[in-house]
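K.L.:
Could you have a look at this structure, given as structure tokens, before my questions?
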Amino acid sequence: MKSDNMSATSAQANKTTRHPSVVKDLSLAPSGELKIAWAWRNMPLLQAIKEEFEKTKPFKGMKVTLSVHMEAKTACLCRTLEAGGAEMYATGCNPLSTQDDVAAALAASGMAVYAVHGVSSDEYERHLTMALESGPNIIVDDGGDLINIVHTKLQHLIPNVYGGCEETTTGIKRLYSMAAEGSLKFPMIAVNDAHCKYLFDNRYGTGQSVWDGINRTTNLIVAGKTVVIAGYGWCGKGIAMRAKGFGANVIITEIDPIKALEAMMDGFAVMTMDDAVAHGDLFITATGCTDIITERHFGSLKDGAILCNAGHFNVEIDVAWLDKNTKSREHKPNIMGYELSNTNTIFVIAEGRLVNLASGDGHPVEIMDMSFAIQAMSAHFLATHHKTLSPGVIPVPEEIDLDVAWKKLKACGLDIDKLTQEQHKYLSSWEMH
């Protein structure tokens with residue numbers, strides 16, 4: 001027999017709400033559908049998964065709440081999960097990355113959507129909360145905001161949550177911190193750590209989309225400029241690779257001695273940010289940490305230096321200090337100029353938010369096809385295995401990672417060699433030589 005406390009918790013967990021969609025303008029839906037159709041025709045992995053889901057309905061009777069950048073590729077993931085029987089509740093994970101026409105397209109088709117471009121921080125959190133108040137069984141998160149709200153403000157929903165999937169490096173770090181403290185109350189699959197995610201999404205996706213956002217916003221040449229990239233993880237590697245291809249002189253700043261050595265051997269200059277600020281024409285932060293370019297750096301920047309961020313949260317460049325302590329005006333859409341006390345003007349793109357999404361369309365479609373294939377199959381794994389999983393951070397099952405890789409090769413029209421029985425024997429034996 002349940003105790004009174006357990007009964008009360010269960011009853012509270014069952015108190016859920018389906019809020020009406022909150023989007024800017026439903027009349028924008030036709031434009032959004034065109035974007036979604038373009039993405040969909042270039043996402044063969046999700047197409048194959050959707051076809052399978054339509055037959056098997058792995059999410060039948062389940063609610064899925066998703067917080068990912070609200071744009072066309074995300075809409076394709078939403079509809080793939082919906083095809084599998086999921087009752088979808090979708091919201092964005094960054095106020096400036098929401099595309100209002102895509103949000104309208106999903107809402108017009110009957111999906112519950114809570115996302116409007118450019119909302120305040122309070123409104124953004126309210127949209128996340130509305131999506132969660134549906135009482136999800138599975139959570140698909142990008143950056144950890146949904147997980148944070150569930151564990152701090154909507155704890156009564158936890159008993160109904162089977163688990164979730166986390167998309168990005170920043171979110172994974174937060175999950176590991178929660179798990180170490182014993183605070184994580186259900187299993188979370190570390191989608192970002194799958195090979196078919198970080199080796200391609202973080203490196204090639206970020207590498208291309210960051211420069212797409214910068215170039216379309218500034219309309220300036222990259223060749224000959226000195227580009228300072230903070231962080232040489234997989235995202236930083238991709239950004240640096242493309243900067244080199246554009247003809248830039250690249251400086252890397254790092255806190256990890258191994259990554260710093262790797263950057264040096266890849267042909268890049270390595271120095272501290274305190275030293276780099278005097279040299280850079282364009283700065284891109286990609287660390288996932290706070291206070292990378294701050295008050296102590298601003299006065300040493302060149303007149304006309306441009307700053308932008310490729311990390312998930314807008315905490316890497318201290319824009320709040322600039323807003324409070326300098327004169328500012330918009331010089332071009334999405335480019336704010338700040339006049340310093342030394343009369344130099346420095347520029348910040350997209351308020352220091354994710355430049356590839358706040359100033360562009362995000363990662364290339366084919367890259368997100370891989371990442372979202374991992375997401376869809378990880379959600380499927382949770383739906384079918386949640387009864388055997390314990391709270392904590394768990395890796396993407398290897399068979400999912402490999403299946404996505406094989407599917408991608410096939411979609412690209414490629415084939416590779418396979419080991420013979422004798423080669424398998426050779427590689428697994430210490431006696432053969």
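The values are calculated or read from the model by the stated rules, or taken from the named source; none is laboratory data. In this text, all values refer to a predicted model and were calculated from it rather than measured experimentally. For neighbour counting, all protein chains shown are included, and Cβ atoms are generated from backbone atoms with ideal geometry for every residue, glycine included. In case anyone asks, the SASA skips ligands and DNA or RNA and just uses the protein heavy atoms, side chains included. Shrake-Rupley method; radii C 1.70, N 1.55, O 1.52, S 1.80 Å.
K.L.:
Counting only heavy atoms of the protein chains, get the accessible area per residue of the stretch 182-327 (1.4 Å probe) and round it to a whole Å² value.
P.N.:
On a per-residue basis, the stretch 182-327 sits at 42 Å².
K.L.:
Would you work out the relative contact order for the stretch 323-433, in percent, from Cα pairs under 8 angstrom that are 6 or more residues apart? Write out the running numbers ahead of the final one.
P.N.:
Working: 60 pairs, mean separation 13.2, N = 111.
With pairs under 8 Å counted, the relative contact order is 12 percent.
K.L.:
Compute a Gaussian network model of the chain, connecting alpha carbons closer than 10 Å, and tell me which residue from GLU330, GLU51, GLU422 fluctuates the most.
P.N.:
GLU422
K.L.:
Now, a different point. Among ASP401, ASP145, ASP274, which one moves the most in a GNM of the chain with springs linking Cα atoms closer than 10 Å?
P.N.:
Among ASP401, ASP145, ASP274, the largest mean-square fluctuation in the Gaussian network model of the chain belongs to ASP274.
K.L.:
Search the structure for amide H atoms under 5 Å from the amide H of MET62, placed 1.01 Å from N in the peptide plane, and list their residues when 5 or more places away or on another chain.
P.N.:
Here GLU87 satisfy the definition.
K.L.:
What percentage of the solvent-accessible surface of the chain, computed with a 1.4 Å probe over protein heavy atoms, is contributed by carbon and sulfur atoms?
P.N.:
Summing carbon and sulfur atoms, their accessible area is 53 percent of the total for the chain.
K.L.:
Would you tally the net charge around MET265, using a Cβ to Cβ cut-off of less than 15 Å, leaving MET265 out, and scoring K and R as +1, D and E as -1?
P.N.:
-1
K.L.:
Mind checking which lysines have their Cα closer than 27 Å to the Cα of LYS332? Skip sequence neighbours fewer than 8 apart in that chain.
P.N.:
Partners found: LYS24, LYS35, LYS225, LYS244, LYS302, LYS324.
K.L.:
Apply the Karplus parameterisation 6.51 cos²θ - 1.76 cosθ + 1.60, with θ equal to phi minus 60°, to every residue of the stretch 48-64 and state each ³J(HN,Hα) to the nearest whole Hz, in sequence, with x for glycine and proline.
P.N.:
These are the phi-based 3J(HN,Hα) values: 5, 5, 4, 4, 5, 4, 4, 7, 9, 6, x, 9, 4, x, 10, 9, 10 Hz.
K.L.:
Sticking with this structure for a sec: Evaluate the relative contact order of the stretch 215-339 (contact order divided by residue number), counting alpha-carbon pairs under 8 angstrom at least 6 apart; express in whole percent.
P.N.:
Relative contact order of the stretch 215-339: 22 percent.
K.L.:
Let me know the shape class of the stretch 32-165, please: from the alpha-carbon gyration tensor, a ≥ b ≥ c as square roots of the eigenvalues, rounded when a/c is under 1.5, otherwise prolate if a/b is greater than b/c, or oblate.
P.N.:
Numbers: a/c = 2.11, a/b = 1.17, b/c = 1.80.
Oblate shape, in that a/c is at least 1.5 and b/c is the bigger or equal ratio.
K.L.:
Same structure again: Could you check the spin-label model distance between SER120 and SER328? Points 7 Å from the Cα along Cα→Cβ, value in nm.
P.N.:
Roughly 1.6 nm, to one decimal.
K.L.:
Hey, another quick one. Would you tally the net charge around ASP100, using a Cβ to Cβ cut-off of less than 15 Å, leaving ASP100 out, and scoring K and R as +1, D and E as -1?
P.N.:
On the way: positive: LYS24, LYS35; negative: ASP25, GLU33, GLU71, ASP101, GLU123, ASP361.
So the environment of ASP100 carries a net charge of -4.
K.L.:
Determine which lysines satisfy two conditions relative to LYS173: a Cα distance under 23 Å, and not lying fewer than 8 residues away in the same chain.
P.N.:
Partners within reach: LYS153, LYS185, LYS197, LYS237, LYS259.
K.L.:
Add +1 for every Lys or Arg and -1 for every Asp or Glu among the other residues with Cβ under 11 Å from the Cβ of TRP38, and state the total.
P.N.:
Result for the local shell: +1.
K.L.:
Another question, if that's okay. Apply the Karplus curve 6.51 cos²θ - 1.76 cosθ + 1.60, θ = phi - 60°, to the phi angles in the stretch 152-162 and return the couplings in whole Hz, x for Gly and Pro.
P.N.:
10, 10, 10, 4, 5, 7, 4, x, 8, 8, 6
K.L.:
Calculate one ³J(HN,Hα) per residue across the stretch 390-398 by plugging θ = phi - 60° into the Karplus curve 6.51 cos²θ - 1.76 cosθ + 1.60, and present them in order as whole Hz with x for glycine and proline.
P.N.:
9, x, x, 8, 10, x, 5, x, 4
K.L.:
Any chance you could check the Cα centroid distance between the stretch 312-353 and the stretch 145-184 for me, in angstrom?
P.N.:
When both Cα centres are located, 32 Å separates them.
K.L.:
Could I have the simple spin-label model distance between CYS289 and ASN160, label points 7 Å from Cα toward Cβ, reported in nm to one decimal?
P.N.:
4.0
K.L.:
Considering only ALA230, ALA411, ALA190, give the residue with the highest GNM mean-square fluctuation for the chain, with springs between Cα atoms whenever their separation is below 10 Å.
P.N.:
ALA411
K.L.:
If you restrict to DSSP beta bridges whose two residues both lie in the chain, what percentage is antiparallel, to the nearest 5?
P.N.:
Details: 10 of 53 bridges.
Here the share of antiparallel DSSP bridges comes out near 20 percent.
K.L.:
Under 8 Å for C-alpha pairs, at least 6 residues apart: give me the relative contact order for the chain, rounded to a whole percent.
P.N.:
This gives 16 percent for the chain.
K.L.:
Quick one: if the Förster radius is 30 Å, what FRET efficiency do ALA269 and CYS412 give, using the C-beta to C-beta distance and rounding to 0.05?
P.N.:
Here the calculated transfer efficiency is 0.25.
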